[in-house]
1. Give me the one-decimal nm value for the distance between modelled label points at B:ARG227 and B:ARG36, 7 Å along each residue's Cα-to-Cβ direction.
2. Assume the label is 7 Å from Cα along Cα to beta carbon: what separations in nm does B:ALA107 have to the matching positions in the other copies?
3. Quick check on chain B: what does the Kirkwood estimate of hydrodynamic radius come out to from the alpha carbon pairs, in Å?
4. Among the lysines, which have Cα under 22 Å from the Cα of A:LYS212 when same-chain residues fewer than 8 positions away are ignored?
5. In percent, what relative contact order does chain A have, based on Cα pairs under 8 Å that are 6 or more apart in sequence?
6. Using the crude model of +1 on Lys and Arg Cβ and -1 on Asp and Glu Cβ, and no other charge, please compute the dipole size for chain B relative to its Cα centre, in debye to 20.
7. Which net charge results for the neighbourhood of A:THR189, defined as the other residues with beta-carbon distances under 12 angstrom from its beta-carbon, given Lys and Arg at +1 and Asp and Glu at -1?
8. Please list the three semi-axes, largest first and in whole Å, of the ellipsoid equivalent to region A:186-317, using sqrt of 5 times the eigenvalues of its alpha carbon gyration tensor.
Number of protein chains: 2
Amino acid sequence: MKTIKIAIAGAGNIGRALLDAIYEQADAFEQKHGVRLRVTGVCNSRGGLLDTAGLSPKKIAEQSAFTPDLAGRNFVQQVDADILVEAGPSDYITGEPGLSYADAAIARGLHVIFISKGAMLLHGTQLLEKARKQGVAIKYRCATASGLPAIDLLERAFANATIEKIEGVLTGTTSFILDKMQSQRCSLTEALTEAQALGMTEPDPTNDLNGKDTACKLLIIANTAFRTQLTLADMSVSGIESVSPEDIATACAEGKTPRLIGSVARTTSGINAAVQLQYLNNTDTLARLNARDKALRIFTREFGETILAGGSSSRDATIAAAMEDLAQIVRL
Amino acid sequence: MKTIKIAIAGAGNIGRALLDAIYEQADAFEQKHGVRLRVTGVCNSRGGLLDTAGLSPKKIAEQSAFTPDLAGRNFVQQVDADILVEAGPSDYITGEPGLSYADAAIARGLHVIFISKGAMLLHGTQLLEKARKQGVAIKYRCATASGLPAIDLLERAFANATIEKIEGVLTGTTSFILDKMQSQRCSLTEALTEAQALGMTEPDPTNDLNGKDTACKLLIIANTAFRTQLTLADMSVSGIESVSPEDIATACAEGKTPRLIGSVARTTSGINAAVQLQYLNNTDTLARLNARDKALRIFTREFGETILAGGSSSRDATIAAAMEDLAQIVRL
């Protein structure tokens with residue numbers, strides 16, 4: 001039985017939940033995929049812990065046992081691992097710390113699984129090229145709508161197809177808010193308060209409302225689909241912050257459904273990407289899907305319209321998506 | 001530049017359309033995937049043609065040039081190829097001729113792409129196991145709702161997930177007929193005639209109407225998802241042949257939409273699969289999708305509900321799906 005050794009960069013909620021999942025699912029994973037998973041190193045920004053024989057969740061919980069400065073490149077260079085899972089925070093300006101972890105890991109010949117968005121958002125094309133040269137894989141399903149296997153579909157099922165346009169709803173929160181404003185004729189603030197009470201928003205909902213969260217996910221999807229490297233500066237991004245109950249009542253009376261839509265298309269002048277509030281016909285599939293779902297509509301010359309929808313946002317779904325990425329790498 | 005040599009078993013409409021597509025797309029394929037495609041052999045049930053330097057559509061069109069008896073195992077044993085594409089007719093009783101072609105190809109170490117359903121329907125598990133032992137791939141996206149990348153999604157994106165249930169609409173024709181009967185209050189025969197006039201049915205629509213086409217596609221999906229080998233005998237299969245305009249009017253008055261649904265679920269007593277006419281609530285996503293689309297709803301413990309919809313049925317979509325399978329194999 002082959003053992004796959006995993007290093008986890010990030011020992012916060014996600015990093016620890018992933019470690020738990022690997023231990024809980026080790027036997028089932030072995031049965032399904034024929035390999036044994038072993039976590040041989042974990043670090044946070046200040047230090048880390050290594051054990052080639054395997055670290056237990058208990059050891060990780062005692063962070064006082066972490067060796068100071070065993071973090072960053074130092075951690076990646078010392079850990080005995082086949083795969084690095086990057087489970088740190090997302091920084092949309094620098095792509096750090098994910099970028100440095102991935103760079104160091106690829107240089108050492110480790111496969112990389114991204115959980116945060118920053119590095120793929122800013123340096124996806126370069127990272128994929130470096131990985132290709134080193135003969136390692138980068139998986140980043142978690143970095144864009146974890147629950148929805150958008151990247152898998154684009155990379156695998158439509159790898160040869162001519163993708164013309166992709167559009168979709170990439171945060172469930174905005175659809176929920178817009179529907180509440182419509183059904184209860186309430187203000188954005190009231191609808192947001194309800195979404196927050198249901199735990200549907202990030203602690204700070206700004207990036208959901210202003211379209212930036214959608215833009216970041218869309219860019220990663222767009223760069224995969226069109227093999228390019230767009231940045232946030234190339235996009236027109238607006239959100240739902242200034243929508244009023246009256247706007248929504250008017251749209252509703254006209255048989256329309258408001259949705260925050262991210263879209264990217266190949267045009268004669270290049271790849272155009274935008275995020276904006278759109279009023280869809282009620283008969284439009286994107287208007288008819290469950291409001292809490294994320295949804296993508298992919299137009300290809302060969303297959304017409306394909307819809308992918310679902311993808312609850314939760315820590316569990318993110319961890320499950322990372323486990324799928326692990327499964328794909330061990331089967332390479 | 002690596003050259004990938006392809007043998008095509010089947011020189012009917014599909015086989016010849018695939019050959020055309022390979023020639024037309026060769027340059028674009030090379031740019032995208034870094035390999036050159038070359039068709040080195042084609043055969044039908046009576047004979048075949050070999051040329052290691054590459055066969056042109058023109059050569060194939062002159063079927064009088066085919067060498068008699070260069071078919072079946074004889075063809076597979078003589079052709080110089082990396083991949084065999086099986087493009088023959090579908091036989092749901094014997095799985096032939098696809099089964100023999102695939103068996104011979106796998107034994108010689110060729111990858112196999114199925115276009116017909118029969119062999120995977122009847123012997124999928126055994127074929128996949130033989131292929132695994134030989135270190136070759138079997139791709140069979142075309143064998144189940146070509147346009148809809150159901151197998152890719154199940155094999156890749158949900159390879160580690162616990163699949164609980166899959167249900168869906170696997171022929172667009174039945175939805176079209178049911179919707180016509182509802183909107184025009186017409187008989188099944190009248191709606192069928194309209195579908196036939198629009199070219200939406202097979203020459204013989206029996207298997208669409210009696211649920212067998214749905215059952216065959218569902219079985220291949222089910223056997224992939226649940227890693228089992230169900231047969232048609234394990235399924236309860238009924239169709240829409242006996243539905244009346246009155247049945248549909250009643251359902252419509254109750255806020256329901258009729259759909260021919262295939263479903264397969266893991267239960268305490270094993271894997272249960274069935275095809276039957278169901279009356280879905282109008283709010284159900286499967287009821288709300290475009291009637292011409294195929295659609296699958298996949299329930300996994302980890303990701304909840306995921307919807308995949310689209311997949312126009314056409315020869316072009318089948319050929320495009322086969323080209324995706326080619327792209328996946330050359331990237332292995």
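Laboratory data are not the source of any read-out in this text; all were calculated from the coordinates shown. What you are looking at is a predicted structure, and each value in this text was computed from that prediction instead of being measured. Here Cβ is always computed from backbone atoms with ideal geometry, including for glycine, and neighbour counts include all displayed protein chains.
1. 4.1 nm
2. Shortest to longest, the spacings are 5.3 nm.
3. Numbers: mean 1/r = 0.0481 Å⁻¹.
Hydrodynamic radius (Kirkwood, Cα only) of chain B equals 20.8 Å.
4. Correct list for A:LYS212: A:LYS117, A:LYS165, A:LYS180, A:LYS294.
5. Numbers: 660 pairs, mean separation 55.7, N = 332.
Rounded, it is 17 percent for chain A.
6. Working: 34 positive and 37 negative charges, 192 e Å.
Dipole magnitude for chain B comes out near 920 debye.
7. Working: positive: A:LYS180; negative: A:GLU190, A:GLU194, A:GLU241.
Residues close to A:THR189 contribute a combined charge of -2.
8. Equivalent ellipsoid semi-axes, largest first: 25, 18, 16 Å.
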